[in-house]
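The values are calculated or read from the model by the stated rules, or taken from the named source; none is laboratory data. If you're wondering where the values come from, they're calculated on a predicted model, not measured in any experiment. Cβ: placed from backbone, ideal geometry, glycine included. Neighbour counts: every protein chain shown. Each accessible area value is taken on the protein alone, full model and side chains, heavy atoms only, with ligands, DNA and RNA left out. Shrake-Rupley method; radii C 1.70, N 1.55, O 1.52, S 1.80 Å.
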Amino acid sequence: MSAAEARVLAPVLPPEVVAAIEAEIPNYPVKKGAMMNSLHHVQKALGWIPRDAMVEVAALLEVRPIEVLEVVTFYPMFRDRPVGRHHLEFCRNLSCALLGSRQLIRHCEKRLGIRSGETTSDGKFSIGEAECLGSCGTAPMLMLEDHFHENLTVEKLDQLLDSLD
Amino acid sequence: MSALPWLLPESGLDLSALADYRARGGYQTALDAIRTKKPEEVTAIVKDSGLRGRGGAGFPTGLKWTFMPPPDGKARYIACNADESEPGTFKDRQILERNPHQLIEGLLLMGYAIHATAAHIYIRGEFAQPYYNLKRALDDAYAAGLVGAGAHGEGRDFHIQITRGAGAYICGEETGLMESVEGKKGQPRKKPPFPAQAGLWARPTTVNNVETISHVPFIVREGAAAFRAVGTEKCPGKTIYGISGHVVRPGTYELPIGVTLRELIYDYAGGIRNGRQLKAVIPGGSSAPVLTADKIDVKADPESLREVKSVLGTGAVIVMDDTTCMVRAAMTVSRFYRHESCGQCTQCREGTGWTDRVIKRIEAGEGTLKDLEVLDDLVRAMDGQTICALADAASWAAGGFLRVFRDEFVRHIEEKRCPFDESFEP
Ligand SMILES: Cc1cc2nc3c(=O)[nH]c(=O)nc-3n(C[C@H](O)[C@H](O)[C@H](O)COP(=O)(O)O)c2cc1C
Ligand code: SF4
Ligand code: FES
C-alpha cells in the first residue's frame, strides 16, 4: 500500500469540513478556485493545516497535493504547524506602532514567559506579529482567531489574557 | 423614512439587515435600472460622474468599464477588491460592516453595465467579522431573489461569490488577487494581457475596489451632476478618509474630496494628542511619500498632493507627532515591503530586503554616509522596473523619507545612535 493510500484510510478532516468544502466547489468554474475558502474551513476546525489535511483537500479539489502545499506556505495566515490554543497576533505596522504596539508585545512576552513567535510549554498561548490589519483607527490592536481586540492598553491586554482559559 | 446614505449610514447606524436597507429604498436603483436602462446607459452615467477608483491608483471607473470586449455569451467577471491591506487603510471595512447591501447593489449595477455573469469579492482573510456580515447580507439578497437566477432580467443570471484571502498584501494587487481567487499563490501576472482581455480564468474581468463600487448606486440614483456637485473638478464626489496615528479622534470621515489635511487633522480628528506638535503626515497609505508639517494646507486630492510630491492613494492619513523618529517610521514601512514582496522580480526581492537592512543599520547607529547613497540607488532601482507596483510603492515610501527627512538620517549616522529617545518603537 502506498503512502498516499494509507492517508486516505485515516482521514483527518471532520465530515462537516468535507461538506463545507464540497459546498464551496460549485461556486467556481474550476474546482481549484475553492482552495482559499477550503483551507480556511480546515484551519478553523483544526487550528492549523497538517500535511494529511492538504492531501485530502487536494483530492477534493482534484489538484496535486503540491498545489495545496504551495498555497499554504505562501500565505502568512495559513499555518503548517500548530500554534497555541490562543494565538495572539499583534499588529506591528505604523499606526499601531506609533501608539505603542511594541510595548504591548513586550508586556505579553514578559507575562507569558515566551518570545514573539513562540508557544507556551503548556500549548495554551502563542504570540505572533502581523502587518497592518485594517484597524488603524482603533490602534493598537491584536487579532485573536476571528476577533479583533482594538484600542488596546496594557490593562485591557491583561484583562483579555485573564479571560482566556 | 431616512434617505439612503452616499456611502455610510449616519454615525452609529448599521444597514446590514436587508429590511433596513430596503426600507430606505435600497435595491430600487438597481431594479429600476435593470428594467428601464440599457447597460451602456449605466456605464455612461458612471463615466459622466467622473468617479475614479478608490483602491489607490485613481483610474477613471467608467472608462475602465469600457475596456471590456463585447459580450460573447460566455462567462465575464467582476473582481471586487476587498483586500484592504495598504497600511493605514481601514475604510472599506466600514462599508463591509455597516452597509454591505450597498456594495451588493453596486455589484448588480456594475455587472449589468459590463455584461458580467458573476462577481468574485476577494476579502482579506483577517476580516473575519466583516466577511460573516457580508456573507449574511449576500445570503439574504440571494434568498430575496435580488442576486442569482434572472437578477439581470429574464434569463440573465448574475452570481456573487466571496473568496477569503490569507494575509498576503500582494493579493490586493489586481492580478495577484486574480491568481488567489483561482486558488494559487498570489503572484502578480505580467501585463499585457490586461484583465479586461484575460482576467479570472482567462475571461474578461474588471477589477474595482469596494468603495468605488459602493459609489455606483448613488451615482445611478441621483445622477452624475449630483456626484460632481462636490469634490474637485478632476476628482469629484466624496470619499472615506481614514485618519490614524497621533490624533485625538482617529477614525473614518466621509467627506468631499479636496478637504485640506489641516481640516482633517485639526477639525475632524481633533488635532494632535497629548498637546504635542505635528511633525509629519503620510497622506495616502504607507506607499505615499511623507510630508512635513508645513505642507498640511494642501488639499487631499490627487492633483494637489502630486504638486507636493505625494499621492492620495487610499486616502489613509497617518499622523506623526514631534516625538517620532523618522528613521524608525521608515524602518517600519520598509520592513513591511520586504515582508510582502512576492519575490518574482529581482529588483523588488533584493531591493526591499536591502533597503530594510540599511535603514535598520542606520537606526541602530551603525550606518555610514555611504549607506545614504546606497539607499538613493536602491530607491531608483526599484521604481518602474518590475511586474507590479509593489516595488514602486516601496521606492516612493523610502524615497519620501530620504528626501524629506534626510537630516535625521544624517544625525543618526553622525551621532552613531538614535537621537529621539521618546520616539515609538517599531
Ligand atoms: C501592492 C499593491 C497592493 C494593492 N492593494 C490594494 C487593496 O488592498 N485594495 C484595493 O482596492 N486596491 C489595491 N491595489 C490596487 C489594485 O491593483 C487595483 O488598482 C484596484 O483594486 C482597482 O480598483 P479601483 O480602480 O476601483 O481603485 C493594490 C495595488 C498594489 C500594487
Ligand atoms: S514587484 Fe515585487 S511584489 Fe510585484 S511581482 Fe515583482 S517581486 Fe512580486
Ligand atoms: S497599522 Fe495596525 S491595524 Fe493598521
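Taking the residues in the stretch A:74-89 that are of a type in the set (D, E, K, R) and part of a loop (DSSP other than H, G, I, E, B) as candidates, determine which candidate is farthest from ligand 2 (Cβ to nearest atom).
Top of the filtered list is A:Arg85.
Has the stretch B:77-93 got any residue that is more than 12 Å from ligand 1 (Cβ to nearest atom) and open to solvent by 20 Å² or more (accessible area, probe 1.4 Å)?
No, the stretch B:77-93 contains no residue that is more than 12 Å from ligand 1 (Cβ to nearest atom) and open to solvent by 20 Å² or more (accessible area, probe 1.4 Å).
How about the stretch B:55-81: which of its residues are within 21 Å of B:Phe336 (Cβ to Cβ) and away from ligand 3 (no atom under 16 Å from the Cβ)?
Listed by number, the residues that qualify are B:Gly55, B:Ala57, B:Asn81.
Looking at this structure, is B:Ala128 within 12 Å of another protein chain (Cβ to nearest Cβ), without any contact (Cβ under 8 Å) to a residue 40 or more places away in the chain, touching a strand residue (DSSP E or B) at 6+ places or on another chain (Cβ under 8 Å) and open to solvent by less than 10 Å² (accessible area, probe 1.4 Å)?
So B:Ala128 passes the test.
Which number in (1) within 30 Å of B:Trp6 (Cα to Cα); (2) in contact with a Leu (Cβ under 6 Å, 6 or more places away or on another chain); (3) more than 16 Å from ligand 1 (Cβ to nearest atom); (4) more than 14 Å from chain A (Cβ to nearest Cβ) marks the one condition that B:Val311 misses?
Tallying (1) within 30 Å of B:Trp6 (Cα to Cα); (2) in contact with a Leu (Cβ under 6 Å, 6 or more places away or on another chain); (3) more than 16 Å from ligand 1 (Cβ to nearest atom); (4) more than 14 Å from chain A (Cβ to nearest Cβ), B:Val311 fails exactly one: (3).
Which of the numbered conditions does B:Asp376 fail, given that it passes all the others? Conditions: (1) surrounded by fewer than 22 Cβ atoms within 10 Å (Cβ to Cβ); (2) within 16 Å of ligand 2 (Cβ to nearest atom).
(2)
Would you mention how many residues in the stretch B:86-121 are of a type in the set (D, E, K, R) and not in a helix (DSSP H, G or I)?
2
Can you find even one residue in the stretch B:273-285 that is within 14 Å of chain A (Cβ to nearest Cβ) and in a helix (DSSP H, G or I)?
Yes; the residues of the stretch B:273-285 include at least one that is within 14 Å of chain A (Cβ to nearest Cβ) and in a helix (DSSP H, G or I).
Regarding the stretch B:96-118, can at least one residue be identified that is within 21 Å of the chain's Cα centre (by Cα), of a type in the set (A, V, I, L, M, F, W, C), away from ligand 3 (no atom under 16 Å from the Cβ) and within 14 Å of another protein chain (Cβ to nearest Cβ)?
No, the stretch B:96-118 has no match at all.
If a residue has to be of a type outside the set (A, V, I, L, M), away from ligand 1 (no atom under 12 Å from the Cβ) and in contact with a Phe, Trp or Tyr (Cβ under 9 Å, 6 or more places away or on another chain) to count, how many in the stretch B:181-198 make the cut?
5
Taking the stretch A:107-154, which residues are loosely packed, with under 15 Cβ neighbours inside 10 Å and within 11 Å of chain B (Cβ to nearest Cβ)?
A:Leu144, A:Glu145, A:Asp146, A:His147, A:Asn151
Looking at A:Ser163, is it closer than 16 Å to A:Pro82 by Cα and among the hydroxyl-bearing types (Ser, Thr, Tyr)?
no
Go through (1) assigned to a loop (DSSP other than H, G, I, E, B); (2) within 12 Å of chain B (Cβ to nearest Cβ); (3) of a type in the set (Lys, Arg) for A:Lys44 and report which single condition fails.
A:Lys44 satisfies every listed condition except (1).
Taking B:Gly172, is it at pLDDT 95 or above, within 9 Å of chain A (Cβ to nearest Cβ) and within 16 Å of ligand 1 (Cβ to nearest atom)?
It is false that B:Gly172 is at pLDDT 95 or above, within 9 Å of chain A (Cβ to nearest Cβ) and within 16 Å of ligand 1 (Cβ to nearest atom).
Tell me which residues, restricted to the stretch A:40-75, are surrounded by 22 or more Cβ atoms within 10 Å (Cβ to Cβ) and in contact with a strand residue (DSSP E or B) (Cβ under 9 Å, 6 or more places away or on another chain).
Listed by number, the list holds a single entry, A:His40.
Looking at A:Leu94, is it more than 10 Å from every other protein chain (Cβ to nearest Cβ) and without any contact (Cβ under 8 Å) to a residue 60 or more places away in the chain?
no
Which of the residues spanning the stretch B:370-401 are away from chain A (no Cβ under 14 Å) and either closer than 19 Å to B:Arg306 by Cβ or within 16 Å of ligand 3 (Cβ to nearest atom) (or both)?
Answer for the stretch B:370-401, where residues must be away from chain A (no Cβ under 14 Å) and either closer than 19 Å to B:Arg306 by Cβ or within 16 Å of ligand 3 (Cβ to nearest atom) (or both): B:Val379, B:Asp383, B:Gly384, B:Ala389, B:Asp392, B:Ser395, B:Trp396, B:Gly399.
Assess whether B:Ser304 counts as being of a type in the set (Gly, Ala, Ser), open to solvent by 10 Å² or more (accessible area, probe 1.4 Å) and either more than 11 Å from every other protein chain (Cβ to nearest Cβ) or closer than 23 Å to B:Asp356 by Cα (or both).
On the way: of a type in the set (Gly, Ala, Ser): yes; open to solvent by 10 Å² or more (accessible area, probe 1.4 Å): yes; either more than 11 Å from every other protein chain (Cβ to nearest Cβ) or closer than 23 Å to B:Asp356 by Cα (or both): yes.
So B:Ser304 fits the description; yes.
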